[in-house]
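For reference, the structure discussed in these notes is given below.
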Amino acid sequence: MTSANLKSLLILYPHFYPSFKGGGPVQSLTNLVELLHNECKISVVCSAYDLGESTILEGIKPDEWNSYLDSVDVFYATSNGYSAVRSALEHFKPDIIYLNGMFSPSYNWLPLVLVNKSKQQVIISPRGMLQGGALALKPLKKKIFLTLFKLLGLHKNISWHATDLQEEMDIRIVFGANARVTVAPNIPKKPLQPKPRKKQGAQLRLVFLSLITEKKNVHVVLEALKLVKLPITFHIFGPVKDHRYWERCKALMQDQIHAIEYLGSVNPNEVQNQISKYDAFILPTKGENFGHAIYESLSVGTPVIISKHTPWKVAEKRAGFVVESEAPEKWAWAIERFYTLDENEYSALSAGAHALAKKYFEENNFMSQYRRLFQL
């Protein structure tokens, strides 16, 4: 197919490369664009600022179209996005409009209202925002949004992108059994060949790498560590999105026997390398539709301790532990269990982690699945 005959795809989301502090969704979109840039003409509208920042992203030209890859252009808006989104919709008249997330006035509400009842193909990827745990945070705002969404009939002419069967179920719970849903998994990085590693005797190097928000629940780890009598090293990485919540966490870091440090954000290109330096990755999240950091931990052979609110069945695959509740004592048990693993037990978990990531990467035909999603 010649470039003149390619379908046009408009992607709307507040953050896109080189932004990275928005977490997994930014990585998902970056990987998606790299996969499809020869399959369709792609335009992206996003913010000129990284999450929580007031300085314009480095290496971009704000408020104009930037060439990103062949057949891909990105508009980095310095305003709230309303005019940029409206202009892109009117100028390009895209064949496909791909909305990410659910609750942004400019990147979700506005395009839905502007193209309602048009013949353009509109696809929404909730990015985990319809999970029960996610909806429980700031519930009034989200309930009002979803009620208006249905009253205005905005859901009647759209399709949905679910990244797994659980997210498909979440969508149908909110929007009904007849919702048009296509499942296409998140596109991750290729697993790395794990470095030979040994857990050094009776010690534990534990890492949390994610957004600092109530949803990610790092305070649960800090509360659990107060119950752990064996001193460990615990390093926290990630952008602080909720500063009030972070103050609560910093208070919990005080008066502990453990070596606890916050070490800032990590560039996405360095995540795998960073996590590979630790014995275990921990994430007590209230909900993930994928969990790029979980996958990237597995992809370098670092076992994980995670909540039940993710799609990763690491316990049955011998790749780590799943903790069924937020009770600190349950997490303390899992941490102490990792501390006391012998070399053979740890090696088995490390091998299981890498095998799980490798299986996920190799068994998914991402190109075929995303061609089906976008009807390319």
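For S125, the residues whose amide H sits under 5 Å from its own are L99, N100, G101, H161, ignoring neighbours fewer than 5 places away on the same chain, with H placed 1.01 Å from N.
Positive-end ranking of S276, H235, G264 along the dipole of the stretch 234-283, with charges on Cβ about the Cα centre, is headed by G264. Using a probe of 1.4 angstrom and keeping all protein chains present, the accessible surface of the stretch 74-115 works out to 37 square angstrom per residue. Once backbone amide H atoms are built at 1.01 Å from N, V44 has I11, D73, V74, F75 as its partners under 5 Å, excluding neighbours fewer than 5 places away on the same chain.
Summing Cβ point charges (Lys, Arg +1; Asp, Glu -1) relative to the Cα centre of the chain gives a dipole of roughly 780 debye.
With the convex hull drawn around the C-alpha atoms of the stretch 290-376, the volume per residue stands at 97 Å³. In the chain, the longest principal axis of the Cα atoms and the axis of helix 165-175 are about 50 degrees apart.
In a DSSP loop and with at most 16 other Cβ atoms within 10 Å, the trypsin sites (Lys or Arg not before Pro) in the stretch 252-340 are K277, K308, K313, K317, R318. Helix 139-151 and the longest principal axis of the Cα set of the chain meet at an angle near 30°. Couplings 3J(HN,Hα) of the stretch 190-199, computed from phi: 5, x, 8, 5, x, 6, x, 9, 10, 7 Hz, in residue order, whole Hz [Karplus 6.51 cos²θ - 1.76 cosθ + 1.60, θ = phi - 60°; x for Gly and Pro].
Reducing the stretch 340-376 and the stretch 68-140 to their Cα centroids gives an inter-centroid distance of 30 Å. Each residue of the stretch 96-103 is assigned a 3J(HN,Hα), and the resulting list reads 10, 10, 10, 9, 10, x, 10, 10 Hz, derived from the Karplus form 6.51 cos²θ - 1.76 cosθ + 1.60 (θ = phi - 60°), x at Gly and Pro.
Rolling a 1.4 angstrom probe over the protein heavy atoms with all chains in place gives the stretch 219-287 an accessible area of 45 Å² per residue. In degrees from 0 to 90, rounded to the nearest 10, what is the angle of the helix 243-253 Cα long axis to the longest principal axis of the chain? Once rounded, the angle reads 10 degrees. Nonpolar atom fraction for the stretch 221-290, defined as the carbon and sulfur part of the 1.4 Å probe accessible area, stands at 48 percent.
Report the FRET efficiency, 1/(1 + (r/R0)^6), for E270 and K308, where r is their Cβ-Cβ distance and R0 is 35 Å, rounded to 0.05. Working shown, then result.
Values: r = 29 Å, r/R0 = 0.82.
In this case the efficiency is close to 0.75.
Surface exposure of the stretch 142-187, expressed per residue as accessible area with a 1.4 Å probe, stands at 49 Å². Working note: 222 nm ellipticity from helices only, DSSP H runs with n ≥ 4, each -39,500 (n - 2.57), summed and divided by the residues of the chain, gives -10500 deg cm²/dmol to the nearest 500.
Ordering F145, F92, Q254 by the projection of their Cα atoms onto the charge dipole of the chain, which places +1 on the Cβ of Lys and Arg and -1 on the Cβ of Asp and Glu, puts F145 at the extreme positive end. The mean sequence separation of alpha-carbon pairs under 8 Å and at least six residues apart, normalised by the residue count of the chain, gives a relative contact order of 14 percent. Convex hull of alpha carbon positions in the stretch 138-224: directionally averaged projected area 9.7 nm². The GNM of the chain, with springs linking C-alpha atoms under 10 angstrom apart, assigns the highest mean-square fluctuation among G81, G264, G24 to G264. Taking amide H positions as modeled 1.01 Å from N, with prolines and chain starts lacking one, the residues under 5 Å from I260 and 5 or more places away or on another chain are F234.
Dipole of the stretch 326-376 computed with +1 at Lys/Arg Cβ and -1 at Asp/Glu Cβ about the Cα centre; of F361, Y346, L373, farthest Cα towards the positive end is L373. Summing Lys and Arg as +1 and Asp and Glu as -1 over all other residues whose Cβ lies under 13 Å from the Cβ of I236 gives a net charge of +2. The magnitude of the dipole of the stretch 143-296, with charges of +1 and -1 set on the Cβ of Lys/Arg and Asp/Glu and taken from the Cα centre, is near 120 debye. Computed from backbone phi, the HN-Hα couplings of the stretch 109-116 come to 4, 4, x, 5, 5, 5, 10, 4 Hz, rounded to whole numbers (Karplus: 6.51 cos²θ - 1.76 cosθ + 1.60, θ = phi - 60°; Gly and Pro given as x).
Along the chain, counting only GluC sites (Glu not before Pro) with a DSSP assignment other than H, G, I, E or B and at most 13 other Cβ atoms inside a 10 Å radius, the longest segment between sites is 65-315. By accessible area, using a 1.4 Å probe on protein heavy atoms only, the stretch 1-112 has 50% of its surface on carbon and sulfur.
The values are calculated or read from the model by the stated rules, or taken from the named source; none is laboratory data. For clarity, every value in this text was computed on a predicted model and none was experimentally measured. When we count neighbours, we look across all protein chains shown, and the Cβ atoms used for this are built from the backbone with ideal geometry, even at glycine. We work out accessible area using only protein heavy atoms, side chains counted, and drop any ligands, DNA or RNA first. Shrake-Rupley method; radii C 1.70, N 1.55, O 1.52, S 1.80 Å.
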